[in-house]
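Asks: Before I ask anything, here is the structure I am working with.
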Amino acid sequence: MSLPVSLLGRADAAAPSCPLPLYSSAVRAGFPSPADDHLDTDLDLHQYVVKRPAATYFVRSEGDSMTGDGIHHGDLLVVDRSLDAVPGRIVVICVDGELTVKRLERVGQRTYLKASNPAYPPIPIDGRESHVWGVVTHVLHSLPGAPLQ
């Protein structure tokens, strides 16, 4: 099974970008300093999350098995297929013809896909047809109460 060119969209180098202002200081979760209200540079979010455009694609998550890692239903995942799928990384993987996103784990000589929601048991993948489609590098999600697009 081969990776499709796009699930939601390929991160092409020619894709339009729109740099937005980036403040030079971090946002405090407390009282802001009036001295920190100046811009430092522009930030192009696409350049920030896409390191290898030819190997990157976007996909929406479904379900609640990865909420412990901050991946919620409907989140936009940035996936890089050029990265090695090593234990500890979160991967998009096809197992027995079904796509899933889970953390790749190794226990002894066995390989598992581990959900970060304790309601889901680990999935052993040794001896099963599986193909890694890429490593998740970023997760973008809306906050509760944010306006829907």
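Asks: Between R106 and D64, what is the label-point separation in nm under the 7 Å Cα-to-beta-carbon projection?
Replies: 3.3 nm
Asks: Then there's this: Per residue of the range 83-95, in order, report the coupling 6.51 cos²θ - 1.76 cosθ + 1.60 (Karplus, θ = phi - 60°) as ³J(HN,Hα) in whole Hz, putting x for Gly and Pro.
Replies: Listing the rounded values in order: 7, 6, 7, 9, x, x, 8, 8, 10, 9, 9, 9, 10 Hz.
Asks: Separate question: What shape does the range 46-144 have by the C-alpha gyration tensor, where a ≥ b ≥ c are the square roots of the eigenvalues, rounded means a/c under 1.5, and otherwise prolate means a/b greater than b/c and oblate the rest?
Replies: Oblate, since a/c reaches 1.5 and b/c is not below a/b.
Asks: Using the number of other C-beta atoms within 10 angstrom as an exposure proxy, rank H46, H73 with the fewest first.
Replies: Result, fewest neighbours first: H73, H46.
Every number here is computed from the coordinates shown, using simple stated rules; none is lab data. Quick caveat, the model's predicted, so the values are computed rather than measured. Glycine also receives a Cβ, built like all others from the backbone with ideal geometry; neighbour counts cover every protein chain displayed.
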